[in-house]
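Structure record follows, encoded as structure tokens.
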Amino acid sequence: MNRPRLPRLPGSSRTDARLLYAGAAAWLLFGALTALVVSRGGAPFGPDSACLSWAVGHRSDTAVKVARALTATGSGVVPYTLVALAGLALGRTPRERARAALLCVAFLAVGQSLRYGVMEAVHRARPPHTFWATDAGGYAFPSGHTSTSAMTAGVLITALSLCSPRVATPLRALAACWAVAIGLTRVYLGVHWSTDVLGGWLFATGWLALCLGAATRWPPPSSGTGPARAAEVRTEDHAPEDPGR
């Protein structure tokens, strides 16, 4: 008898194709951008210098304070808390919730580790310290705050889409705007070039598409209780009697 399986992330040939195309495009663009940054020895591009000059020329005490408070939410405890809550919302039983939360946290942790490896390999310097309006550490490309917040927003949007697609539109828009704002604050505060932020968004998009594509193909194992077991019991109840039993 074929054992029924627990519901998995909805997938279809069209969904798989879209994830494949989005992920491939993001990784190709990220690879091209990384190659350009390396070929220039990390030197800023024209738009990098222009964006930094605009940011420095349009700073105010209030705007800087707001930007600092906002950018602080793009790293550390906040992103991991948000993805864990998203995972808890995806499960139907305590065991499923714990498993989903763990997978979401692992998605973010592995993504951050990969991003850190790229950052160390590219070795790009940040803008001159005289332009900084906040503290920062490490190399510049790709932006850590940007990629982390974008990956977190992707998990939140996915969870909201699966749990309550009709009523979650404002929350999904809020998550997307939050991730975009985090990236912009990194340039506004002078600790990243604009191409660092672009690289962070591309990296997060590629990693999210890769993991979502895997989730549509690898369903979780069935358990002995819950909907899957109930369906199996119903199947057995309606099965014809074995004449030889």
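FRET efficiency for the THR81 to LEU28 pair, using the beta carbon distance and R₀ = 41 Å, is estimated at 0.80.
Computed with every protein chain present, the accessible area of CYS104 is close to 20 Å² [probe 1.4 Å].
For ALA121 and ARG166, a Förster radius of 51 Å and the Cβ-Cβ distance give a FRET efficiency of 0.70, rounded to the nearest 0.05.
Using a probe of 1.4 Å, the accessible surface attributed to HIS123 totals some 100 Å² when neighbouring protein chains are kept in position. The trypsin sites (Lys or Arg not before Pro) found in region 59-162 include none that occupy coil by DSSP while having at most 10 further C-beta atoms within 10 Å. Need one word for region 99-188: rounded, prolate or oblate. Basis is the Cα gyration tensor (sqrt eigenvalues a ≥ b ≥ c); a/c below 1.5 gives rounded, then a/b vs b/c decides. Oblate. The residues packed around LEU36, meaning those with a beta-carbon under 14 Å from its beta-carbon, carry a net charge of 0 if Lys and Arg are +1 and Asp and Glu are -1.
For THR134, the shell of other residues with beta-carbons less than 11 Å away shows a net charge of +2, using +1 for Lys and Arg and -1 for Asp and Glu. Rounded to 0.05, the FRET efficiency of the SER39 and TRP132 pair, given R0 = 22 Å and the Cβ-Cβ distance, is 0.25. Under the simplified labelling scheme, the SER53-ALA173 pair shows an inter-label distance of 3.6 nm, with each label point 7 Å from Cα along Cα→Cβ. Under 13 Å from the Cβ of ALA24, count the other residues' Cβ atoms, weight Lys and Arg +1, Asp and Glu -1, and hand me the total. Combined, the nearby Lys, Arg, Asp and Glu give 0.
The values are calculated or read from the model by the stated rules, or taken from the named source; none is laboratory data. These numbers were taken from a predicted model, which means no experiment stands behind them. Counting neighbours? That spans all protein chains shown, and the Cβs are built from the backbone with ideal geometry, glycine included. Just the protein is used for accessible areas: all its heavy atoms, side chains included, with ligands, DNA and RNA removed. Shrake-Rupley method; radii C 1.70, N 1.55, O 1.52, S 1.80 Å.
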